[in-house]
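What follows is a set of notes on a single structure, which appears directly below.
The values are calculated or read from the model by the stated rules, or taken from the named source; none is laboratory data. Because the structure is predicted, anything quoted here is derived from the model rather than measured. Reconstructed Cβ throughout: ideal geometry from the backbone, glycine too, with neighbour counts over all protein chains shown. SASA here: full protein model, heavy atoms, side chains in, ligands and nucleic acids out. Shrake-Rupley method; radii C 1.70, N 1.55, O 1.52, S 1.80 Å.
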Amino acid sequence: MGKRALILMGMGAGAVWALAAIPLSRQVSWHMKMPLVDAMAWSLLPGGIVLLLMIGRLAQRRFFDDAIIDGEPYQEGSAAEIDQRVLRNSVEQLVLNLSLWPFIGLILGAGPVLLLGASFGVTRLLFWLGYHISPPLRAFGFAAGFYPTITLLALALVIAVEDWHFASLTG
């Protein structure tokens, strides 16, 4: 089986993970009465901890490697350079989450945001591990961390537009 086929399998598994986020987020919402601002703080913690681990790992690599201890660029394809790519992508993803999760929480409630945060932390670790081990693992980690946000954003947008449309018809 080719590399692209394996990556597609990882992406497909990530899509399944994302589709499971819809019913799971509803379950979490029914049991969660946390204020949205608290949920946002808790939801960002797993991703923040993973970033902390990544930054710490890169600092450790620099300290113990004379070739990069003074801030030199990482050698292409080295473990440190891979960690840097993972960190860069994770920061991009976290900025995206900071932009979208408040809206998702406003429309869908605190539960989905908490679920997104926990999922993001786990799947970022899988993405990081997969980057070092296997393209399909990397693809799953990326897709399973990215697709739930997109899925719940689409659901929140549909609900928001329906609510706005209904309000404009009756008000």
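Among the residues of the stretch 90-108, the ones that are over 10 Å from the mean Cα position of the chain (by Cα) and under 18 Å from Leu137 (Cβ atoms) come to 0 in all. Does Leu24 satisfy the condition of being within 18 Å of Leu126 (Cβ to Cβ), of a type outside the set (Ser, Thr, Tyr) and surrounded by fewer than 11 Cβ atoms within 10 Å (Cβ to Cβ)? Spelling it out, it is not the case that Leu24 is within 18 Å of Leu126 (Cβ to Cβ), of a type outside the set (Ser, Thr, Tyr) and surrounded by fewer than 11 Cβ atoms within 10 Å (Cβ to Cβ).
The condition (being open to solvent by less than 10 Å² (accessible area, probe 1.4 Å), over 27 Å from Ala39 (Cα atoms) and not charged (D, E, K, R)) is satisfied by just one residue among Gly121, Gly117, Gly130, Gly145: Gly130. Looking only at residues of the stretch 37-66 that are among the charged types (D, E, K, R) and over 18 Å from Arg124 (Cα atoms), we find that the one that is surrounded by the fewest Cβ atoms within 10 Å (Cβ to Cβ) is Asp66.
With respect to the conditions (1) crowded, with 19+ Cβ neighbours inside 10 Å; (2) under 28 Å from Ala160 (Cα atoms), Leu98 falls short on a single one, namely (1). Among the numbered conditions (1) in a helix (DSSP H, G or I); (2) open to solvent by 40 Å² or more (accessible area, probe 1.4 Å); (3) more than 19 Å from Val122 (Cα to Cα), the only one that Glu76 does not meet is (1). So Leu106 clears everything in (1) crowded, with 16+ Cβ neighbours inside 10 Å; (2) in a helix (DSSP H, G or I) except one condition, right? Which one? For Leu106, the failing item is (1).
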